[in-house]
Amino acid sequence: MTEKLNTGSHDLPISDALAAFMATGWADTRRDDLTALPLAAYTAKRRAALAARFPGERLIIPSGTLKARSNDSDYRFRSHSAFTYLTGDQEPGNVLVIEPSGSATLFLRPRSPRSAPGTAGQEFYRDRRYGEFWVGRRPDLAEAEALYLIDCAAVDRLDDVLGGPARVLRGVDASLDSRVAAHDGDGELETFLSEMRLVKDEWEIAELQFSVDATARGFEDVVRALPQALAHRRGERYLEGVFGLRSRLEGGAVGYDSIVASGAHACVLHWIRNDGRLNENELLLLDAGVETDNLYTADITRTLPLSGRFSPIQRQVYELVYEAQSAAIAALRPGARFRDFHRTAMRVIAEGLHDWGVLKIGADEAMETDSGLYRRYTLCSSGHMLGMDVHDCARARSEVYLDGVLEEGQVLTVEPGLYLQPDDLTLPPELRGIGVRIEDDLVITADGARLMSAGLPRHPDEIEGWMSAISA
């Protein structure tokens, strides 16, 4: 059956004469000069590891489908991380199948034949979702094989291999879910696809370093744009746009919606409205990351004085968070439990809050599991794995992630914070409405951890000097 074209309600009819004219006179644009993507050697090893984990089984991993934003406008497509991790491909509607033998085939939508009869030959100029005139060229089967070093077949042949039992990464492609019977081990496949990304290979670490470095340049852009943003009624959004430009220039997009939070907005953990005016007497919390063309993202936060200088009370709050982060970073090493660095940071926070007189009980009591009263002022965890997803490996089992131990090659964030709500009557008035988070990206090494985001200053004196130098 010929697939129906995705046309718009306001598209004009196509006459027989125009259809015939569009089917002729096109040059052959097939490419035979393509070389394999640098990551293709790594994706082959990953597929082999996946096949070895489920020997003798068919495994199906889809890329995902286009999703409507409104009416007939789609969101920009972003493939599922597991699919791209295993193939390098990022096109919508494609499917990776690993056979019981361990062999792999990438099923993809081939280019439209421009001289084919009927709607098949009209896709390239009539289909708004997949036509080359509308969304650009995609590789044909031979080109995809050259790029990804994997056997490729047309996606309309997928039904030929869907018979019999198979594990499917579900919830990614509804059409595929409905065509393959549920398997008791589908959840186990999803879990392993998350866990196999816990330790990064050298290619991934280099990709993440590129993302971190690009993100640092984006933060410099933001500081450079502060005078214009301070004058704008939506200064937060101005800065969001500035960082977004850097993300689009050096990568594909932001890795997540940027948090650009000034003043009390910084006390909202995931503030992404970014519609506030900036006040030079307040702080700006910027949490943002560039996602590379290969879908790896940084995740960095800096809290900056909009005046260029911390006030005494702002510095007091900032320095406590800085001390907590520094202690947490020092706790990172192979063999340490994942939660250790968070507990280390929280003890520093609890001690500081007690010293200020905000926390009425001592740090030992506050850190007990049946207490945790310090969390009123620092609610969220202090870090997470990082990679293709900003909260990477989220489907991994607790025993190998949250309750596991750190391993060389893991990449994670360390991000303690204090969020002193503007309406919190347990706080003295001068502390209310101040939010501070400092977040850096680190890779676990043989004897500790390397600060990948060392190019951005952390200490308050360094922050002030850096801002002054950029603004000069």
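Exactly one residue out of R432, R375, R397 is more than 23 Å from G255 (Cβ to Cβ) and in contact with a Pro (Cβ under 7 Å, 6 or more places away or on another chain), and it is R432.
If only residues of the range 323-358 that are among the charged types (D, E, K, R) and part of a helix (DSSP H, G or I) are counted, the one that is farthest from the chain's Cα centre (by Cα) is D355.
Taking only the range 83-110 into account, find how many residues are closer than 13 Å to D156 by Cβ and open to solvent by 30 Å² or more (accessible area, probe 1.4 Å).
The first filter runs over the range 83-110 and keeps only residues closer than 13 Å to D156 by Cβ, leaving 93-95, 107-110.
Going one step further and asking which of them are open to solvent by 30 Å² or more (accessible area, probe 1.4 Å), we end up with 109-110.
Here the count works out to 2.
Screening A363 on (1) open to solvent by less than 50 Å² (accessible area, probe 1.4 Å); (2) touching a residue at least 40 places away in the same chain (Cβ under 8 Å) shows it passes everything except condition (2). Scan the range 411-459 for residues that are over 20 Å from the mean Cα position of the chain (by Cα), outside any loop (DSSP other than H, G, I, E, B) and among the charged types (D, E, K, R) and jot them down. Of everything in the range 411-459, those that are over 20 Å from the mean Cα position of the chain (by Cα), outside any loop (DSSP other than H, G, I, E, B) and among the charged types (D, E, K, R) turn out to be E430, R450.
Out of the range 380-394, which residues are surrounded by 16 or more Cβ atoms within 10 Å (Cβ to Cβ) and part of a loop (DSSP other than H, G, I, E, B)? Reasoning before the result, please.
Here is the first cut: in the range 380-394, the ones surrounded by 16 or more Cβ atoms within 10 Å (Cβ to Cβ) are 382-390, 392-393.
Selection gives S382, G383, H384, L386, G387, M388, D389, V390, D392, C393.
The residue of the range 46-72 that is farthest from E204 (Cα to Cα), among those that are in contact with a His (Cβ under 9 Å, 6 or more places away or on another chain) and among the small types (G, A, S), is G64.
Residues in the range 25-82 that are under 14 Å from L147 (Cβ atoms), open to solvent by 50 Å² or more (accessible area, probe 1.4 Å) and in contact with a Gly (Cβ under 7 Å, 6 or more places away or on another chain): L37 only.
For V199, indicate whether it is open to solvent by 30 Å² or more (accessible area, probe 1.4 Å), within 27 Å of F338 (Cβ to Cβ) and among the aliphatic types (A, V, I, L, M). So V199 fits the description; yes.
Within the range 359-379, work out how many residues are within 33 Å of the chain's Cα centre (by Cα) and part of a loop (DSSP other than H, G, I, E, B).
Applying the first criterion (within 33 Å of the chain's Cα centre (by Cα)) to the range 359-379 yields 367, 369, 372-379.
When the remaining residues are screened for being part of a loop (DSSP other than H, G, I, E, B), the result is 367, 369, 372, 377-379.
So the count comes out to 6.
From the list E408, E415, which residue is closer than 17 Å to C267 by Cα, touching a residue at least 12 places away in the same chain (Cβ under 8 Å), of a type outside the set (S, T, N, Q) and in contact with a Ser or Thr (Cβ under 8 Å, 6 or more places away or on another chain)? Even if it seems obvious, please write down each step before you answer.
Values: E408 fails: closer than 17 Å to C267 by Cα.
Within the list E408, E415, the selection yields E415.
Only one entry in A48, A44, A36, A40 is more than 22 Å from E132 (Cβ to Cβ), without any contact (Cβ under 8 Å) to a residue 60 or more places away in the chain and within 32 Å of the chain's Cα centre (by Cα), namely A48. For the range 246-258, the condition holds for at least one residue, the condition being that it is free of Cβ contacts under 8 Å to residues at least 60 places away in the same chain, within 21 Å of D389 (Cβ to Cβ) and open to solvent by 60 Å² or more (accessible area, probe 1.4 Å). Considering the conditions (1) modelled with pLDDT under 95; (2) open to solvent by less than 40 Å² (accessible area, probe 1.4 Å), D159 is excluded by exactly one of them, (2). Pull up the range 232-244, narrow it to residues that are over 17 Å from the mean Cα position of the chain (by Cα) and hydrophobic (A, V, I, L, M, F, W, C), then point me to the one that is surrounded by the most Cβ atoms within 10 Å (Cβ to Cβ). Top of the filtered list is L239. Of all residues in the range 204-220, one or more are free of Cβ contacts under 8 Å to residues at least 24 places away in the same chain and either out of contact with any helix residue (DSSP H, G or I) (no Cβ under 6 Å at 6 or more places or on another chain) or of a type outside the set (F, W, Y) (or both).
Quick check: anything in the range 128-141 surrounded by 15 or more Cβ atoms within 10 Å (Cβ to Cβ), basic (K, R), outside any helix (DSSP H, G or I) and modelled with pLDDT of 95 or more? Among the residues of the range 128-141, not one is surrounded by 15 or more Cβ atoms within 10 Å (Cβ to Cβ), basic (K, R), outside any helix (DSSP H, G or I) and modelled with pLDDT of 95 or more, which makes the answer no. Just the residues that are touching a Lys or Arg at 6+ places or on another chain (Cβ under 6 Å) and either assigned to a loop (DSSP other than H, G, I, E, B) or under 30 Å from L147 (Cβ atoms) (or both), please, taken from the range 273-300. If the condition is that a residue be touching a Lys or Arg at 6+ places or on another chain (Cβ under 6 Å) and either assigned to a loop (DSSP other than H, G, I, E, B) or under 30 Å from L147 (Cβ atoms) (or both), then N274, D275, R277 are the ones that fit.
The values are calculated or read from the model by the stated rules, or taken from the named source; none is laboratory data. If you're wondering where the values come from, they're calculated on a predicted model, not measured in any experiment. Neighbour counts run over all protein chains shown; Cβ positions are idealised from the backbone, glycine included. Just the protein is used for accessible areas: all its heavy atoms, side chains included, with ligands, DNA and RNA removed. Shrake-Rupley method; radii C 1.70, N 1.55, O 1.52, S 1.80 Å.
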